[in-house]
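Report on one structure; see the data block that follows.
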Number of protein chains: 2
Amino acid sequence: MTAFDVTPRNKILRSAKRALYDHDEVYAIVDAAMICHVGYEMDGQPYVMPTLIARDGDTLLLHGSATSRTILHAGAGNPVCITVTHTDGIVLARSVFNHSINYRSAMLYGAGRTITDREEKLAALIRFTEKLLPGRWDDVRPMTPQEFKATGIVAVPIDSASAKVRAGMPIDEPDDVGLPIWGGIIPVRPVFDDPIPDSYVPDDLPVPGYLVEHVERQRERGM
Amino acid sequence: MTAFDVTPRNKILRSAKRALYDHDEVYAIVDAAMICHVGYEMDGQPYVMPTLIARDGDTLLLHGSATSRTILHAGAGNPVCITVTHTDGIVLARSVFNHSINYRSAMLYGAGRTITDREEKLAALIRFTEKLLPGRWDDVRPMTPQEFKATGIVAVPIDSASAKVRAGMPIDEPDDVGLPIWGGIIPVRPVFDDPIPDSYVPDDLPVPGYLVEHVERQRERGM
């Protein structure tokens, strides 16, 4: 298993025992997420923008209107930090101080470029659509040239990254565990509800099999 | 209802019809979230850190180890962007281009200060604990002076903010709605599972009522 080099940029400083640097472990956290938060700075002001995320090997893909500020700025080679977070539970300790949450998060660093090559951009669009819903690309109306042009995709080669995971029960002080206070966790997870058709779906058009399977998979494993 | 002034910093540029600037609407999105993503810049590198969030009127509260990089940097008056995002569903249009997700997000801007006043810090800690689980503060072992000192709280008065919401069904092109393609949404929501006690909870210690109520409330309304 290969790992990211630990440098001042990606080194986990707090609770270092929860740090992960292996590619596979960091990417598993990224791939389980539908959205990320992209951080960048313009004229001295930081911005944090939520957006869809996809991954192609060691490259992250961002997607939006070709004229959006985030896409233009990230695509121009400015440094970004892309963070993905899953909230897995509330951790209830006996002391206020030891309360926490269970989470999996990954912070990834790089500088982006706008994808201009037609084939590369098409492959990225397929990857985004298939990330949102596997099987969807082949079922829907393809892009017109105008729609293709209006869509911006930024590739961010991952220069550095790290992840941090907290899981399991509270860690109380030895003197606290005998107190008559309830300690434990409230697990939290995202669930998909049943798909809801819009008013244009004919009565005889069933929910596609790939959609039913995606909802079932998500319910089995969490998102 | 009062609103944030619209300036270049907080103006929603894309899909402006989905923009919200009213305090009440922005704060409702913040208050429904357990975590936020804090963006800041150090030595030319943006960072986006996930962390717990609480609010006291027009001030956001961040919380962490008193020696954490995020707390020290944010508490020193550097500009931050604090973003909160809820993912509410996958939006499946007939065309690739019109696929989207349903979401509620808020971006808030300000410059923080570390809370040093004892009473103010205690009030902020109560607010954080009660945000995580209403009723918890009075039930648990209070902080020792050492724990109190080791905890850092940063207050970020909100200088500017905006929110963006997408809800409801796909918006297809008029020529697309008659295609034999399923269109609609897959609703997504976070759920709390049943609380799990750790191994130190005695058999005769029930799950506290305020905890049961919190889980029930979350199940009724989503998180």
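Data overview
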item: From A:L92, A:L133, A:L122, residue being within 11 Å of chain B (Cβ to nearest Cβ), more than 14 Å from the chain's Cα centre (by Cα) and under 21 Å from A:C36 (Cα atoms); result: A:L133
item: Filter result for B:G168 (over 25 Å from the mean Cα position of the chain (by Cα), open to solvent by 20 Å² or more (accessible area, probe 1.4 Å) and among the small types (G, A, S)); result: no
item: Pair list, Cβ < 8 Å and 6+ apart or interchain, from segment A:1-30 residues that are open to solvent by less than 30 Å² (accessible area, probe 1.4 Å) to residues that are assigned to a helix (DSSP H, G or I); result: A:F4/A:H23; A:F4/A:V26; A:I12/A:R18
item: Residues within segment B:124-137 that are open to solvent by 10 Å² or more (accessible area, probe 1.4 Å) and small (G, A, S), tallied; result: 1
item: Meets criteria (over 30 Å from B:L211 (Cβ atoms) and assigned to a loop (DSSP other than H, G, I, E, B)) for B:G168; result: yes
item: Test: residue in segment B:62-81 that is under 25 Å from A:L108 (Cα atoms), within 17 Å of the chain's Cα centre (by Cα) and more than 11 Å from chain A (Cβ to nearest Cβ); result: yes
item: Enumeration of residues in segment A:190-223 that are more than 7 Å from chain B (Cβ to nearest Cβ) and acidic (D, E); result: A:D194, A:D203, A:D204, A:E213, A:E216, A:E220
item: Condition broken by B:L211, with the remaining ones in (1) of a type in the set (A, V, I, L, M); (2) touching a residue at least 60 places away in the same chain (Cβ under 8 Å); (3) loosely packed, with under 14 Cβ neighbours inside 10 Å satisfied; result: (3)
item: Any strands (runs of 3 or more DSSP E) falling wholly within segment A:1-119 and containing at least 2 residues that are under 20 Å from B:M42 (Cβ atoms) and out of contact with any helix residue (DSSP H, G or I) (no Cβ under 6 Å at 6 or more places or on another chain); result: A:35-42, A:45-52, A:79-92, A:100-111
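Let's see how each residue does on (1) at the interface with chain A (Cβ under 7 Å from one of its Cβ atoms); (2) closer than 30 Å to A:D175 by Cβ:
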{"position": "B:K149", "(1), (2)": "no, yes"}
{"position": "B:I153", "(1), (2)": "no, yes"}
{"position": "B:A161", "(1), (2)": "no, no"}
{"position": "B:R166", "(1), (2)": "no, no"}
{"position": "B:I171", "(1), (2)": "no, no"}
{"position": "B:P180", "(1), (2)": "yes, no"}
{"position": "B:V188", "(1), (2)": "yes, no"}
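Matching residues to (1) open to solvent by less than 10 Å² (accessible area, probe 1.4 Å); (2) farther than 24 Å from A:R189 by Cα; (3) in contact with a Leu (Cβ under 9 Å, 6 or more places away or on another chain):
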residue: B:V84; (1), (2), (3): yes, no, yes
residue: B:L92; (1), (2), (3): yes, no, yes
residue: B:G110; (1), (2), (3): yes, yes, yes
residue: B:E119; (1), (2), (3): no, yes, no
residue: B:L122; (1), (2), (3): no, yes, no
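Rundown of residues vs (1) more than 8 Å from chain A (Cβ to nearest Cβ); (2) among the aliphatic types (A, V, I, L, M), yes/no style:
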| site | (1), (2) |
| --- | --- |
| B:F4 | yes, no |
| B:A19 | yes, yes |
| B:D22 | yes, no |
| B:E25 | yes, no |
| B:A28 | yes, yes |
| B:E41 | no, no |
| B:Q45 | no, no |
| B:T59 | yes, no |
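The values are calculated or read from the model by the stated rules, or taken from the named source; none is laboratory data. These numbers come from a predicted model, not from an experiment. Using ideal geometry, Cβ is built from the backbone for each residue, glycine included, and neighbour counts are taken over all protein chains shown. For the accessible areas, the whole protein counts, side chains as well, though only heavy atoms, and no ligand, DNA or RNA atoms are used. Shrake-Rupley method; radii C 1.70, N 1.55, O 1.52, S 1.80 Å.
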